[in-house]
Every structure is written in structure tokens, then in C-alpha cells.
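Colleague: This is the structure I have questions about; it appears just below.
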Amino acid sequence: MTQPLSELTTIGVGGVPAGIVAGNTRDELIDAAISVWHDSDNWVVLGGGSNIVAGDDLSAVTVIKTENKGIEREGNFVRVQAGENWDDFVAWTVAQNLSGVEALSGIPGGVGASPVQNIGAYGQEVAQTITRVEFLDYKTHEVIELSNAELGFGYRDSIFKAGRLGVITWVEFELNPYDAAAPSLSRLTAPLGREVSTPAEVRSAVLEIRAQKGMVLNPNDRDTFSCGSFFTNPVVSDGFSRTIPGDAPRWLQPDGNVKLSAAWLIENSGLSKGFKLGNSNAALSTKHALAITNRGGASASEVFELCKFIQLQVANRWGVELSPEPNFVGEFHRS
């Protein structure tokens, strides 16, 4: 099975890898990964393809594709196979009237990727609900279970982003039945102009907001051919944050540091929505300055070059280094 990763990623770039090995069940996924590791040190795990910018030259890369499906519930604990679509899983939880991940509606990708960067939005993060994951360790080839405390969760961070290599086979969540007495998600109130409370209301509201920003996949909207938010919101010291204009969005963190808006920094460094370099087919979304999009026929190198240019502009204007959210895989040749 070989095909260009431009057909398997949401941003639609990437060449043809050396091979693609799929695991349709948990056991097949384990066998596939171990087989690939015996033959190659250059590999990548691919789920929904939403958090990856695959290079134009992937001739040395072998892809391990998670295709294992299944959701099992026992009380408040829900075990989800890594190949399940994330948003389909969120919709399932809402149908079950379970609360804990409804604000993460509309995020593309697979469930197995959710703990890697600790996906989050509107006051919820998967770190709040994940109890454990099953993990096939690259170094030992052992299948182990890792608890929440062992996952090293931080803002868009985990042990997997810090270099723990392997394959997540399933993820277990602890979700709770909706409680009418629970506080509403205040971060949704302002953009909506109304309060939302039930999981179904929250999901509907989040999908509405994300669609307005071009953050819900739509084959008829080039703004959605992206990796979603391309940069994480930078966290800086309180003192440094005071060098940024007072009207810039900011969120005080429990440790006293301050999280800034990457979108605000980009737009206020002279890069407006829709910005692109020359005749490049990669551009900022026309709806949201935080998304790099494929306007049609973009190469991975064009995406990479725009990323580097944005980082340089923001660093020169504000002294802040933006960190990309997606992973870059393979070789990138300058266009």
C-alpha cells in the first residue's frame, strides 16, 4: 500500500513514502509496528493526518497507519482504539450524555494522537480525562500501560513530544454523566454571546465557532486544508508580557507566567489573514491568522517556508519565538 501523504493528511501535502503498513486491529497494529522497526529506523505513525506536515521527499520514510477501531464503555471509563476518528468519538460521548471532551469537538485526527500534544480548547484538555494509554515501546518492543501521571502532560505537550517513541494502541478516558449543576464553559460565552451547558449545546457551539474560523474540515473550503492551529500560544514571563500592548489577549497561568495569543502576534507583526509569499500556494487562512493553508497544489516546502517566515516576523517584531504544533516529517526542498 503506497500513496502520497498529500492524500492522507488534512493540509494535503507530502510525497510518496517508502511504504505504508496499516494495523486494522490492536494486534495487527502491534505486529505492523514491530515489523517496520525491524527493517527501518525512519518511520512515522499516521492516524488522521491532521498534525503532520509531510515532506515532498519521503522515499526513506515508512508509515505505520493506525486503522484499529472500537469503543468500549464500563461505567464512566471509556476505552477507545487509536484509529477511531476523534470527532466521531466526541459525538459518541455527547450521545451518551457524557461530559469531559465535548469542547474538543471538530478537532481533526485520530484518538491515538490526542494524548501526544494534549489537545485542548475552550477550557478542556484531554489531560483532564485520560486515565491511561496502552503503548508499544520502540526501544523495548514491549506493550505497556502508562498512567496519566506518567504521560508528562503540559500545555500541548507530553512525553511523546519529548521523545518517547512508539505507538499508542488505545486510550482510556474517565468521563462523567452531565451534571446540570456544573459550571458552564465561560470561554464559550463571549464568542457566542450566550451561555451553554449541556454536552450537546457545547458541541454545537464549538462546531459553530470553529466553522467560522475555517477549522472544521470542508472539501469545498480551502481554508480548512490545514493542520488547524499551526502554532501554539506562547507562554512568557509576567514581566515580558508587559512589553506586549495591553489590548493583546493574554491568560494568566497557575505558575504566574502568561499565555499570549499567537494569532494576535502574527496579525500584529504585519501578516494579515490570507498572507502568502509571492506566488506560493501556501497561505494564511482568510478566516484565521493561526492556520497555514494549502490553497491548491502547495508543496510541503512552501508550507515550511511560510512557517519559517512567520516565525521570523514575529520574533523580529515582538521577540517571541513561535513553536509549530504539527510535526515535520521527511525532506523539505526549497521551492
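Each value in this text was obtained by applying a stated rule to the coordinates, not by laboratory testing. None of the values given here were measured: they were computed from a predicted structure. Cβ coordinates were reconstructed from backbone atoms using ideal geometry, including for glycine residues, and neighbour counts include every protein chain displayed.
Colleague: Expected output is a single nm value to one decimal: the length gained when fully extending between Ile144 and Glu72, i.e. 0.36 nm times separation in residues minus the C-alpha distance. What is it?
Modeller: That pair, Ile144 and Glu72, stretches by 24.0 nm at full extension.
Colleague: Let me ask something additional. Going by a ≥ b ≥ c, the root eigenvalues of the Cα gyration tensor, does the range 95-139 fall in the rounded group (a/c under 1.5), the prolate group (a/b larger than b/c) or the oblate group?
Modeller: Prolate is the answer for the range 95-139, as a/c is 1.5 or above and a/b outweighs b/c.
Colleague: Something else about it: For the range 145-299, what size does the Cα cloud have along each of its three principal axes, sorted from largest down, in whole Å?
Modeller: 50, 40, 40
Colleague: Have a look at Ile71, Ile244, Ile310 and tell me which one the Gaussian network model of the chain (Cα, springs below 10 Å) gives the largest fluctuation.
Modeller: The residue with the greatest mean-square fluctuation here is Ile244.
Colleague: What residue among Ala149, Ala22, Ala200 shows peak mean-square fluctuation when the chain is described by a Gaussian network model with Cα springs under 10 Å?
Modeller: Of Ala149, Ala22, Ala200, the most mobile in the Gaussian network model is Ala149.
Colleague: Relative to the compact-globule scaling 2.2 N^0.38 Å, provide the ratio for the alpha-carbon radius of gyration of the range 222-329.
Modeller: Ratio of Rg to 2.2 N^0.38 Å for the range 222-329: 1.08.
Colleague: Over the Cα atoms of the range 71-177, how large are the radius of gyration and the largest Cα-Cα distance (Dmax), in Å?
Modeller: Gyration radius and largest Cα-Cα distance of the range 71-177: 12.9, 40 Å.
Colleague: While we're here: Note the full-extension length gain between Glu28 and Ser237 as 0.36 nm times their separation in residues minus their Cα-Cα distance, in nm to one decimal.
Modeller: 70.6 nm
Colleague: A follow-up question, please. When the helix-only estimate is applied to the chain (DSSP H runs of n ≥ 4, each -39,500 (n - 2.57), divided by the residue count), what is the mean residue ellipticity at 222 nm, nearest 500 deg cm²/dmol?
Modeller: So the calculated ellipticity at 222 nm is -6500 deg cm²/dmol.
Colleague: Along each of its three principal axes, how wide is the spread of alpha-carbon positions in the chain, in whole angstrom units, largest first?
Modeller: On the principal axes, the chain reaches 56, 53, 40 Å in Cα extent.
Colleague: Would you mind getting me the FRET efficiency between Asp179 and Asn279? Use the beta-carbon distance for r and R0 = 51 Å, nearest 0.05.
Modeller: The formula returns an efficiency of 0.40 here.
Colleague: Taking the mean number of other Cβ atoms within 10 Å as a proxy for protection, how do you rank 121-131, 230-240 from highest to lowest?
Modeller: Ranked by mean Cβ neighbours within 10 Å, highest first: 121-131, 230-240.
Colleague: How large is Rg/Rh for the range 5-66, to two decimals, with Cα atoms and a Kirkwood Rh?
Modeller: The Rg/Rh ratio comes out at 0.96.
Colleague: Follow-up question, since we're still on this one. Determine, for the chain, the count of lysine pairs separated by eight or more sequence positions (or lying on different chains) whose alpha-carbon distance falls under 19 Å.
Modeller: So the count of such lysine pairs works out to 9.
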